[in-house]
Amino acid sequence: MRDKSGILLSLLLSCPILSPAVAQEDTTGAGDFFDDSPQILTASRMSKPLLESPASVSVIDRQMIEASGVRDLADLFRLVPGFVVGYHSGHAPVVTYLGLGEEFGRQIQVLVDGRSVFIPSFGGVPWSNLPLLIEDIQRIEVIRGPNAVTYGANAFLATINIITRHAAEDLGNRASITASDNANPDIADAYLRIGRHHQNIDWRLSMGAISDDGFAAINDSKEVGKLNFRADITSGSNQFWTFQTGTSHSSLGRGFPREDDTQTDVERTERASNSYLNLQWEGVRESGSSIVRLTHTRQDVTDNYDPGPITYDVITGITTYIDFDRISERSELELVQNNEFGDRLRLVYGGSLRRDRVKSIFLLNQDDFRDVDTGRLFGSMEWRIGDQWLLDMGVMYEDTSLTSLDSSPRISLIRKFGNRHALRLVASVAKRNPTLYEFDGDTEFVAEVPAFGTVVIPTFMGNNEIQPEDIESHEIGLRSRLGGGIVTDIKIFSYRIENHIVADEINVDLGPPLNVLPVQTSANGETTDVGGIEFELDYKPDSQFRLNTGFSLVDADSTLAELENSFPKHTAFVAAQYHINQKHEISGALYYLDAIDWPDGDHIPIARRLDLRYAYHLEKDFSFEVVGQNLLEDFEDYEPENLHQRLFYLRLSGSF
Amino acid sequence: MIRCHRILLIFLALVPIAAEAGNLDIVIVKSSDNTYFNQSIETLIDQVDRAARFKVVTSDELGNLELDSDQVPLFVALGLPAARAVEKADPGAISFNAYLTYEQYRELKPANQVGVLLDQPLYRYLAFCKFLLATDSVGTIVEQPVDLDAQESRLLDELNLSFNQYRVDEQNKLLPVLRRLLQQNDALLMLPRKAIFNRQSLKGVLLTSYRFRKPAISYSPAHVRAGALASIYSSPEDIGRHLAVLINRLLQQPESPLPAYEFARFYTIATNSRVARALELELPGEPELRARMELVEP
């Protein structure tokens with residue numbers, strides 16, 4: 001097998017790539033000048049000018065990604081004002097906007113090239129084993145605030161839109177290795193990319209391996225292998241196909257060393273695989289475009305074990321088998337129409353059909369798939385009133401088999417002052433639909449109790465009456481392009497979140513010997529008002545130097561203290577990059593996170609983190625980097641035993 | 001074979017040709033029946049001063065051409081296949097060869113053919129970049145760096161513009177070189193170099209430039225439709241006008257020497273407002289741009 005894969009790799013690497021030396025067809029000079037050429041920068045490929053965006057958008061571009069030197073995708077979101085990043089364990093980062101962060105967070109929509117990576121069963125995003133390599137990312141657009149009109153329900157607090165590079169930009173071969181010399185975490189990463197062009201097809205194959213030991217005190221090591229393929233095909237001058245598929249396989253450390261007989265969360269290894277398919281067709285016309293997208297994502301988790309004999313109260317020798325295995329699938333067919341009527345009016349509308357499937361004895365107490373179907377219709381209108389006013393109105397209707405039809409409208413008014421300043425007023429409503437677990441979960445603890453036999457203890461029961469969470473948002477923002485390469489954005493916002501889906505208890509009579517026991521369930525209740533200010537600055541005076549900084553000041557007031565304390569009052573970051581000359585480059589970032597109570601974690605005091613990076617660029621696109629993370633004092637994250645310690649690693653990368 | 005008297009071989013720029021009085025036979029040879037060739041022909045015919053008899057043929061039809069008189073015709077070839085066809089049919093004939101890039105003209109090694117090039121002179125590309133974008137640095141990609149002449153160097157000083165050339169070869173591939181260029185310059189200037197900027201590479205070039213948020217300025221209006229920010233080029237009408245100017249000068253002053261080639265005299269500007277908006281660039285209006293460009297014309 002090894003020999004065959006080696007031969008295959010050799011064949012792939014030896015494929016001729018497009019290079020200037022390859023002979024070109026003998027077209028006349030006239031043809032190159034005047035013949036029809038396919039549109040490459042279509043409206044859908046070009047982001048809307050940030051000055052005219054009807055939402056607060058932060059962009060993490062490729063330059064920022066490389067300057068950060070980070071290995072974990074989640075760490076990039078420390079560069080967005082108001083975002084909170086924590087690590088539930090070394091391989092389970094939590095990313096949230098403003099607050100309400102949990103390991104299986106449900107308030108943020110995350111998309112990769114238009115495909116949702118939200119896990120429909122339990123919620124959350126498997127950041128560490130997403131089949132996505134940081135090296136393939138072109139840019140990340142982060143919409144701070146609700147945006148259901150564009151991205152559907154669950155674009156509740158924020159939306160993260162990760163965009164990978166077009167295959168035509170990655171022709172040739174590139175590789176990198178990253179390693180540390182620390183005992184913890186012991187890092188070993190590798191990346192290989194092959195890109196080729198054949199007539200009207202560009203394709204890219206990228207693969208990577210990521211491994212480290214996680215935090216020193218807990219069993220949270222990770223080993224992840226990832227493989228991605230992307231093909232971009234041009235058909236005629238105005239039709240484009242994109243085909244993407246990929247998979248990741250991971251081994252993740254879970255649990256804790258067994259210290260006594262009451263413990264069930266013992267050390268073990270969870271295995272997970274994540275696979276996807278994304279097929280997109282885009283047709284471009286003079287007055288707009290059409291996109292049809294078919295996506296499928298599947299996550300398989302294998303985590304079952306015998307925790308050993310358990311003692312409960314005075315009863316010893318209880319045996320059980322814990323089965324957290326689960327399969328989640330999401331399939332979606334989406335159509336988006338973009339029509340322009342002159343320079344003044346643009347309509348974007350469309351719809352999607354989605355099926356989520358979950359199979360899990362642990363979550364649903366059944367061995368069959370449970371389906372949830374969702375239909376969505378959306379439309380928005382952008383109307384230029386004169387040269388300086390822009391009115392944007394939109395609405396989304398969504399109907400799921402769990403809840404009833406709901407709508408999420410948005411309206412925004414932008415007043416431009418020339419092409420340098422834009423004042424935006426935005427009001428919107430969004431919903432966060434319950435997950436299948438919250439709606440229909442049914443978990444039990446089954447044990448063999450000496451002298452009693454089999455005992456079944458329900459631990460969670462879903463609530464079929466649960467309603468979506470609601471958020472109503474108002475914001476005023478000012479984006480400015482000042483002279484000298486300075487771009488700023490300041491926003492004052494007010495959100496009201498109602499009908500939080502929170503944990504509740506109901507009493508269930510289990511008969512003797514357990515009789516009446518409280519069982520967890522989910523229920524609507526609680527209200528949170530969040531207000532604050534966010535500021536962001538991007539300073540690029542020339543090609544040598546760049547500074548990004550941002551901060552947020554947040555005030556949360558909730559009917560439930562646990563929710564209120566999950567909103568840190570301040571977050572801030574400063575990141576800078578300086579090219580000393582063509583060979584030497586330095587960059588660094590300082591992050592600040594105020595004290596926070598993680599809802600499924602602990603109280604964590606103020607955290608400050610300093611990262612520094614030095615890069616030496618050799619000829620022919622080779623570079624050598626030294627990255628130091630957590631260079632200030634050690635700090636806790638999520639739980640007191642999750643201690644970020646000083647860390648150094650080296651990275652060697654190059655094209656060949 | 002064209003039935004006419006063969007004329008002596010003439011070394012261009014040294015020996016003037018003599019046009020006989022009376023009607024002039026002008027044979028226009030086009031490489032194909034494309035719209036842009038026909039537009040140039042229409043403009044040319046409209047703007048030639050003297051009475052002339054025009055014959056328009058494609059390069060395939062040239063071999064069967066019969067002229068009404070024994071006078072030596074003047075050939076106008078549009079495109080490389082037409083230029084080759086004229087040279088093959090009558091190597092001694094004088095012809096004005098349009099729709100050639102400088103690269104193609106040099107490959108042709110013409111003996112008696114005046115090149116009317118598609119290329120703008122370099123100083124015009126540079127001035128266009130400066131006045132369009134108010135940029136300080138522009139980079140281009142070449143196989144062989146070009147030495148700037150005194151006029152071009154002086155212009156760069158006056159414009160306070162840095163012009164950087166990046167070389168590609170077997171060791172230095174296009175996209176890595178392009179990425180380096182985009183990191184170090186404010187804009188990409190695409191010059192007509194077939195081996196570098198062509199249909200196959202265009203996608204990667206434009207996408208990478210956009211990703212770096214740097215505008216691409218091109219020699220081709222087709223590239224602007226594809227996603228370049230702007231182009232300065234000679235339209236079919238501009239080419240027709242240029243040919244007419246040269247022919248009229250020849251007719252009026254037959255003794256004056258002809259140049260071996262001329263860069264484009266007349267130009268048209270194309271911009272992509274969508275790309276400009278996406279890059280948040282405010283472009284000057286064309287009248288203002290042209291007024292500033294005129295100041296740098298010799």
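Before moving on, here are some points about what is shown:
- Qualifying residue in the range A:192-202 (condition: among the charged types (D, E, K, R) and closer than 30 Å to A:Ser287 by Cα): yes
- Yes/no for B:Ser231 being among the polar types (S, T, N, Q) and modelled with pLDDT under 95: no
- Counted as qualifying within the range A:437-513 are the strands (runs of 3 or more DSSP E) with 3 or more residues that are under 30 Å from A:Leu537 (Cβ atoms), namely A:469-482, A:486-498.
- B:Arg225, sole failed condition from (1) facing another protein chain (nearest Cβ under 7 Å); (2) in a helix (DSSP H, G or I); (3) surrounded by 20 or more Cβ atoms within 10 Å (Cβ to Cβ): (3)
- The number of residues in the range A:134-163 that are within 15 Å of the chain's Cα centre (by Cα), assigned to a loop (DSSP other than H, G, I, E, B) and surrounded by fewer than 24 Cβ atoms within 10 Å (Cβ to Cβ) comes to 0.
- Qualifying residues in the range A:578-601 (those that are part of a loop (DSSP other than H, G, I, E, B) and more than 14 Å from every other protein chain (Cβ to nearest Cβ)) - the one surrounded by the most Cβ atoms within 10 Å (Cβ to Cβ): A:Trp598
- Looking only at the range B:29-77, and only at residues there that are part of a helix (DSSP H, G or I) and closer than 21 Å to B:Leu108 by Cα, the one that is modelled with the highest pLDDT: B:Phe37
- Checklist (1) more than 13 Å from every other protein chain (Cβ to nearest Cβ); (2) among the charged types (D, E, K, R); (3) touching a helix residue (DSSP H, G or I) at 6+ places or on another chain (Cβ under 6 Å) applied to B:Glu237, failing item: (1)
- Here A:Leu171 meets the list (1) over 21 Å from A:Tyr437 (Cβ atoms); (2) away from chain B (no Cβ under 14 Å); (3) modelled with pLDDT under 90 almost entirely, failing just condition (2).
- The range A:516-559 - residue that is among the aliphatic types (A, V, I, L, M), touching a Phe, Trp or Tyr at 6+ places or on another chain (Cβ under 8 Å) and over 30 Å from A:Arg62 (Cβ atoms) and, of those, surrounded by the fewest Cβ atoms within 10 Å (Cβ to Cβ): A:Val519
- Residues that are surrounded by 20 or more Cβ atoms within 10 Å (Cβ to Cβ) and either of a type in the set (Lys, Arg) or part of a strand (DSSP E or B) (or both), drawn from the range A:212-224: A:Asp212, A:Lys222, A:Val224
- Selection status of B:Leu258, at pLDDT below 90, buried (at least 18 other Cβ atoms within 10 Å of the Cβ) and assigned to a loop (DSSP other than H, G, I, E, B): yes
- Sole residue being of a type in the set (A, V, I, L, M, F, W, C), more than 27 Å from the chain's Cα centre (by Cα) and modelled with pLDDT of 90 or more, chosen from A:Leu510, A:Leu482, A:Leu514, A:Leu478: A:Leu482
- Filter result for B:Ala195 (within 30 Å of A:Arg479 (Cα to Cα) and assigned by TED's automatic domain parsing to the domain that holds B:Phe128): no
- Those residues of the range B:240-268 which are more than 14 Å from chain A (Cβ to nearest Cβ) and polar (S, T, N, Q), in sequence order: B:Asn248, B:Gln252, B:Gln253, B:Ser256
- Qualifying residue in the range A:485-505 (condition: of a type outside the set (Ser, Thr, Tyr), within 30 Å of A:Ala158 (Cβ to Cβ) and modelled with pLDDT under 90): yes
- Scan of the range B:81-99 for residues that are part of a strand (DSSP E or B) and over 16 Å from B:Leu258 (Cβ atoms), ordered by number: B:Tyr99
- Verdict on A:Ala523 being under 20 Å from A:Ala148 (Cα atoms) and not basic (Lys, Arg): no
- Lone qualifier among B:Lys214, B:Lys203, B:Lys194 - being over 20 Å from the mean Cα position of the chain (by Cα), over 17 Å from B:Arg124 (Cβ atoms), facing another protein chain (nearest Cβ under 7 Å) and of a type outside the set (S, T, N, Q): B:Lys203
- Any hit, the range A:259-273, residues being within 14 Å of another protein chain (Cβ to nearest Cβ), hydrophobic (A, V, I, L, M, F, W, C) and either touching a strand residue (DSSP E or B) at 6+ places or on another chain (Cβ under 8 Å) or in a strand (DSSP E or B) (or both): no
- Candidate set: the range B:284-298, residues that are in a helix (DSSP H, G or I) and touching a residue at least 12 places away in the same chain (Cβ under 8 Å); chosen: the one nearest to B:Leu133 (Cα to Cα): B:Leu289
- Extreme residue, farthest from the other protein chains (Cβ to nearest Cβ), among residues of the range B:274-289 that are under 17 Å from A:Arg344 (Cα atoms) and of a type outside the set (Val, Ile, Thr): B:Ala276
- Look at (1) crowded, with 18+ Cβ neighbours inside 10 Å; (2) in contact with a helix residue (DSSP H, G or I) (Cβ under 8 Å, 6 or more places away or on another chain); (3) aliphatic (A, V, I, L, M) and you find that B:Val146 fails only one, number (1).
- Among the residues examined, B:Asp25 qualifies as part of a strand (DSSP E or B), out of contact with any Asp or Glu (no Cβ under 6 Å at 6 or more places or on another chain) and at pLDDT 65 or above.
- Pairs with Cβ under 8 Å, 6+ apart, first in the range A:399-421 and of a type in the set (Gly, Ala, Ser), second part of a loop (DSSP other than H, G, I, E, B) and buried (at least 16 other Cβ atoms within 10 Å of the Cβ): A:Ser408/A:Pro146; A:Ser408/A:Ala153; A:Ser412/A:Pro54; A:Ser412/A:Ala55
- The residues listed here are A:Val125, A:Val112; of these, the one that is away from every other protein chain (no Cβ under 14 Å), under 30 Å from A:Ser623 (Cα atoms) and either more than 11 Å from the chain's Cα centre (by Cα) or modelled with pLDDT of 90 or more (or both) is A:Val112.
- Set side by side, the residues B:Leu118, B:Leu122, B:Leu100 differ, and just one is more than 14 Å from chain A (Cβ to nearest Cβ) and either closer than 24 Å to B:Phe266 by Cα or surrounded by fewer than 19 Cβ atoms within 10 Å (Cβ to Cβ) (or both), which is B:Leu122.
- Selection within the range B:262-283 - under 20 Å from B:Ser234 (Cα atoms), part of a loop (DSSP other than H, G, I, E, B) and not aliphatic (A, V, I, L, M): B:Phe263, B:Arg265, B:Phe266, B:Tyr267, B:Asn272
- Entry remark, the range A:607-632: residues being part of a loop (DSSP other than H, G, I, E, B) and either in contact with a Gly (Cβ under 9 Å, 6 or more places away or on another chain) or free of Cβ contacts under 8 Å to residues at least 24 places away in the same chain (or both) number 7 in total.
The values are calculated or read from the model by the stated rules, or taken from the named source; none is laboratory data. Everything numeric here is computed off the predicted structure, so don't read it as measured data. When we count neighbours, we look across all protein chains shown, and the Cβ atoms used for this are built from the backbone with ideal geometry, even at glycine.
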